[in-house]
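The values are calculated or read from the model by the stated rules, or taken from the named source; none is laboratory data. Quick caveat: nothing in here was measured; it's all calculated off a predicted structure. Cβ: placed from backbone, ideal geometry, glycine included. Neighbour counts: every protein chain shown. Just the protein is used for accessible areas: all its heavy atoms, side chains included, with ligands, DNA and RNA removed. Shrake-Rupley method; radii C 1.70, N 1.55, O 1.52, S 1.80 Å.
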Amino acid sequence: MTNPVPMAEIWRGPFLESIHTGHAVICDASGNIVESWGDPDFVMLPRSSSKMIQALPLIESGSAAAAGLGTEQLALSCASHNSAAIHTDRVSAWLETLSLSESDLRCGSHDPKDTVAHHALIRAHEKPCQIHNNCSGKHTGFLTLNKHLGGGPEYIDPDHPVQLAVREAFEDVTGMDSPGFGIDGCSAPNFATTMHGFARAMAFFASASEDGATVRERAAAALVQAMVTYPELVAGEGRACTELMRAMDGRVALKTGAEAVFAAIIPELKLGVAVKISDGTFRASECAIAAILVKLGVLEPDHPATLKRMNATVTNCNGITTGYVKPAEGVF
């Protein structure tokens, strides 16, 4: 087994204060490893970085077309959103078109990440509902698929037709049987794979085209196009996914996941990238994915969105620069 390698460093003045280790793989359209760091066979849970895969059956089944879904809904089906009004209003409207309501969701509720939405709830003396869950778009996609399939209400059960369809798609695009699953923060199964398998899946999305030979290829291309068309719906203002996708002018689709997973889909190079930081720290996964994108020539190293994550300054309460978050020396 190959151990995780240093991927991000935190410096305080002249002192190396912290090191984040992890794994990363770049895969080509044939599923071959172009470059890797750490252990390509490391088994991981891709968490929300796999939402594009979980959304494949939504299109393949014909349920997206039957429900009249547009590009915005497809972007939301891949989203881990901030629960801003641009997200929650669209999810609410989507549920209404299905003749469903917030109570049909099974994702649970949490406080909005969006400050305006958070304060609005406080002023209204209201609690967040399931539509505020960052995964409510994905779950509304599950409900859309479920309505088409005629399944029971507990669509998050691993043996439910919705999740069986997700697992089949997941194992197909990763090119391997999943060794199992964990239950995600939104209560849906999250299937495990290796770093190589997940990068292979992202490369499948990167090489997919709208006139592809299979329904799955065309579905993958539609989801990528939705993500890069509406980066603000995939995450939200101030978020790495949104800001970095904007910085690359729609050339790359990005998706973060809990516990410091990050995925990149690069259609022009037909490459897929998977990153996992061992200690689950987001500052490290964002630094690592930015460094890899710069290395591949699709992200400008001096773009403000890049500098916010890679070689980013660390400041204290007085605004004094105390250090930097940098890619590990000699790694990328």
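Here are the numbers for this structure:
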item	result
Residue in region 194-207 that is more than 22 Å from SER36 (Cα to Cα) and either free of Cβ contacts under 8 Å to residues at least 40 places away in the same chain or open to solvent by less than 60 Å² (accessible area, probe 1.4 Å) (or both) present	no
Test: residue in region 143-152 that is at pLDDT 95 or above and farther than 25 Å from LEU69 by Cα	no
Residues (touching a residue at least 24 places away in the same chain (Cβ under 8 Å), more than 18 Å from ILE86 (Cβ to Cβ) and either open to solvent by 20 Å² or more (accessible area, probe 1.4 Å) or not in a loop (DSSP other than H, G, I, E, B) (or both)) located in region 241-254	LEU244, ALA247, ARG251, ALA253, LEU254
Residues of region 36-61 that turn out to be within 25 Å of VAL234 (Cβ to Cβ), part of a loop (DSSP other than H, G, I, E, B) and touching a helix residue (DSSP H, G or I) at 6+ places or on another chain (Cβ under 7 Å), as a count	3
Region 284-321 - residue that is assigned to a helix (DSSP H, G or I) and of a type in the set (D, E, K, R) and, of those, nearest to GLY257 (Cα to Cα)	GLU286
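Okay, residues lined up against (1) open to solvent by 30 Å² or more (accessible area, probe 1.4 Å); (2) within 19 Å of PRO153 (Cβ to Cβ):
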{"site": "GLY68", "(1), (2)": "yes, no"}
{"site": "LEU76", "(1), (2)": "no, no"}
{"site": "ALA84", "(1), (2)": "no, no"}
{"site": "SER101", "(1), (2)": "yes, yes"}
{"site": "CYS107", "(1), (2)": "no, yes"}
{"site": "ALA117", "(1), (2)": "no, no"}
{"site": "PRO128", "(1), (2)": "yes, no"}
{"site": "CYS135", "(1), (2)": "no, yes"}
{"site": "HIS139", "(1), (2)": "no, yes"}
